[in-house]
Amino acid sequence: MSPKASKPLVPAKTDPAAIRNFCIIAHIDHGKSTLADRMLQLTGVVQPRDMKAQYLDRMDIERERGITIKSQAVRMPWEYAGETFAFHMIDTPGHVDFSYEVSRSLAACEGALLLVDAAQGIEAQTLANLYLAMEHELAIIPVLNKIDLPAAMPEKYAEELAHLIGCEPEDVLRVSGKTGEGVDALLDRIVEEIPAPVGQPDAPARAMIFDSVYDTYRGVVTFVRVVDGQLGHREKIQMMSTGVTHELLEIGVSSPEPEATKGLSVGEVGYLITGVKDVRQSKVGDTVTSANKPAEAIIGGYEDPKPMVFSGLFPIDGSDFPVLREALEKLQLNDAALNFEPETSTALGFGFRVGFLGLLHLEITRERLEQEYNLDLISTAPNVVYQVTAEDGEVLTVTNPSEFPEGKILEIREPVVDATIIVPAEYIGAVMELCQSRRGQLEGMDYLSEERVEIRYKMPLAEIVFDFFDQLKSRTKGYASLNWQAEGEQAADLVKVDILLQGDKVDAFSAITHRDHAYAYGVKMASKLKDLIPRQQFEVPIQAAIGSRIIARENIRAIRKDVLSKCYGGDISRKRKLLEKQKEGKKRMKMVGTVEVPQEAFIAALSSDEGNAKEKTKK
Ligand SMILES: Nc1nc2c(ncn2[C@@H]2O[C@H](COP(=O)(O)OP(=O)(O)OP(=O)(O)O)[C@@H](O)[C@H]2O)c(=O)[nH]1
């Protein structure tokens with residue numbers, strides 16, 4: 001993040017009246033990043049020869065998957081009526097797992113571009129993001145994107161959008177992020193319609209942290225929006241929630257490459273570098289003030305990201321445990337939403353219980369651990385968080401089936417969500433049937449237009465987070481879009497199903513499920529394992545049980561594997577070689593009680609056959 005040494009510092013203080021802070025909100029794949037690319041080009045901050053698609057998605061994994069994970073803030077100049085304006089554009093991720101990032105970015109803006117694909121129309125996350133923007137009282141500019149597509153229906157969707165936000169269809173801008181058509185008119189509209197930031201220039205400095213990223217060379221880079229006063233180069237700053245002070249080594253703006261400035265003043269969006277090495281010291285949502293003249297009140301309105309899904313991560317090679325710990329610690333430097341604690345499993349050895357925002361977050365984290373740190377991992381079936389009241393009245397927070405208390409249980413509470421599904425009206429029946437089978441309760445239904453409907457359900461998180469989206473897509477020929485948000489908890493009839501091999505519980509295969517699904521889980525797991533575990537020298541029963549009650553059973557028949565049978569004659573060295581080879585093979589086995597289970601059986605039994613979470617959860 002270093003500026004070129006010889007470059008003079010850009011003067012501090014931009015007149016707040018000439019600043020416009022905005023973000024782009026949209027359903028996933030409606031083209032935010034592509035539109036952002038065009039804006040960078042049109043405003044001249046990125047030269048055509050340096051331009052690459054999705055310029056702002058810097059992480060390799062973001063490029064590979066074509067999605068935005070971390071938000072980015074970029075400063076761009078724009079001439080309007082003879083005056084130069086400074087735009088701060090904050091690109092936001094669109095996936096539901098990362099919606100907390102959207103909410104932070106929104107709090108740093110005065111306006112939002114609501115981007116809708118002109119060939120798709122409004123989708124579930126368009127609504128969710130719009131409601132968030134309205135909560136933050138942002139000025140909203142409706143924009144239809146991808147008008148170059150032959151399938152685009154701008155007239156139809158302009159009406160839909162106008163109806164939704166209460167404006168005239170003519171007020172809906174039409175652009176193409178791909179060809180650039182209409183983008184300069186959009187930039188003008190930003191000046192006209194988004195209010196300039198207001199703050200008190202002479203008050204003690206207050207800046208709100210909306211993102212922190214870890215940079216290998218510079219440590220933590222903190223992105224802030226200055227609300228009051230100003231922060232200067234080399235100033236001593238204080239984090240208001242903890243009182244910790246740091247010296248500012250560098251302050252600047254991204255344009256889109258980092259450019260050091262003398263300071264940041266009211267309404268400006270930029271970055272701070274203090275040499276701190278851990279993002280948790282620069283907490284998103286915290287207020288930065290000046291240590292010499294501290295402000296009195298923190299800027300409010302933030303939520304901390306809360307993990308929704310937990311899974312155990314175990315190295316396949318037990319000696320990789322320290323590497324896994326170090327890798328998780330490094331990822332956490334850059335991902336405040338990731339949390340983990342050590343876990344021991346009798347079947348899988350030492351590993352970590354890791355909390356994620358959702359399945360995509362889990363998959364990305366796992367992929368990064370495997371790619372960037374060269375680890376081979378087994379992950380256990382993900383589960384949500386349960387509140388379990390045991391017989392003695394004690395309430396336990398259970399993030400792992402192995403923590404499930406033995407004995408009688410008074411109540412189990414599970415997280416629930418409000419789900420919004422948008423589909424063409426002909427699929428209402430199919431969607432309702434699916435939601436009902438997942439213990440959903442219909443909350444309401446509205447027609448967005450004659451043929452498209454918004455259906456709202458209250459559902460258990462555990463029912464929606466895993467393969468629900470796949471099912472929804474296949475029942476609606478891919479036309480449904482889904483969004484959900486946490487909405488508290490409810491009591492439910494849940495049980496823990498254990499899997500036993502020769503009478504010994506295999507903790508890695510235990511699961512908490514609804515009583516109605518317990519039998520199906522038991523049967524599926526027992527028959528999967530029967531195929532995966534090789535025959536042993538004795539008979540091995542595989543059982544599924546709720547408490548002491550067996551609900552399913554399979555048997556692996558005994559064999560005696562005589563490796564010497566091929567070896568007639570008395571060549572002792574050949575016999576020895578075969579026995580050695582058999583010993584080698586045994587090393588790759590895990591002993592569960594007296595049963596040898598090959599490593600691959602764990603991997604295969606725990607791997608879901610559901611494929612890729614991004615594909616599943618993308619619209
Ligand atoms: N024809 C056409 N395609 C577009 C346009 N804008 C974006 N696309 C394509 O739509 C796809 C999604 O675009 P992105 O810009 O990655 O979408 P996004 O909303 O940023 O997606 P996330 O970062 O994953 O949230 C890409 O394949 C783009 O090439 C457009 O104006 N016209």
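The values are calculated or read from the model by the stated rules, or taken from the named source; none is laboratory data. What you see is a predicted model, and the numbers here were worked out from it, not measured in a lab. Every residue, glycine among them, receives a Cβ derived from its backbone with ideal geometry; neighbour counts consider all protein chains shown. Surface areas here come from the heavy atoms of the whole protein model, side chains and all, with no ligands, DNA or RNA. Shrake-Rupley method; radii C 1.70, N 1.55, O 1.52, S 1.80 Å.
Remarks
- Applying the criterion of at least 2 residues that are of a type in the set (Phe, Trp, Tyr) to the strands (runs of 3 or more DSSP E) found wholly in region 319-407 leaves 349-356.
- Evaluation of ASP278 against (1) modelled with pLDDT of 90 or more; (2) within 31 Å of the chain's Cα centre (by Cα) (one fails), failing number: (1)
- Consider region 18-35 and keep the residues that are modelled with pLDDT under 90 and more than 7 Å from the ligand (Cβ to nearest atom). The one that is nearest to PRO154 (Cα to Cα) is HIS27.
- Residue identified as surrounded by 15 or more Cβ atoms within 10 Å (Cβ to Cβ) and touching a Ser or Thr at 6+ places or on another chain (Cβ under 8 Å) among ARG475, ARG456, ARG452, ARG438: ARG456
- Test: residue in region 204-212 that is within 16 Å of the ligand (Cβ to nearest atom), more than 30 Å from the chain's Cα centre (by Cα) and modelled with pLDDT of 90 or more: no
- Scan of region 495-522 for residues that are of a type in the set (A, V, I, L, M), without any contact (Cβ under 8 Å) to a residue 40 or more places away in the chain and either open to solvent by 10 Å² or more (accessible area, probe 1.4 Å) or part of a strand (DSSP E or B) (or both), ordered by number: ALA520
- Of the numbered criteria (1) of a type in the set (Phe, Trp, Tyr); (2) open to solvent by less than 40 Å² (accessible area, probe 1.4 Å); (3) without any contact (Cβ under 8 Å) to a residue 24 or more places away in the chain, the one TYR131 fails is (2).
- Residue in region 153-176 that is least open to solvent (accessible area, probe 1.4 Å), counting only those that are under 24 Å from ASP446 (Cα atoms) and in a loop (DSSP other than H, G, I, E, B): VAL172
- Applying the criterion of at least 2 residues that are over 23 Å from ALA107 (Cα atoms) and not assigned by TED's automatic domain parsing to the domain that holds ASN339 to the strands (runs of 3 or more DSSP E) found wholly in region 211-301 leaves 245-247, 258-260.
- Cβ pairs under 9 Å, 6+ apart, first in region 530-551 and among the aromatic types (Phe, Trp, Tyr), second surrounded by 13 or more Cβ atoms within 10 Å (Cβ to Cβ): PHE538/GLN502; PHE538/THR594; PHE538/VAL595
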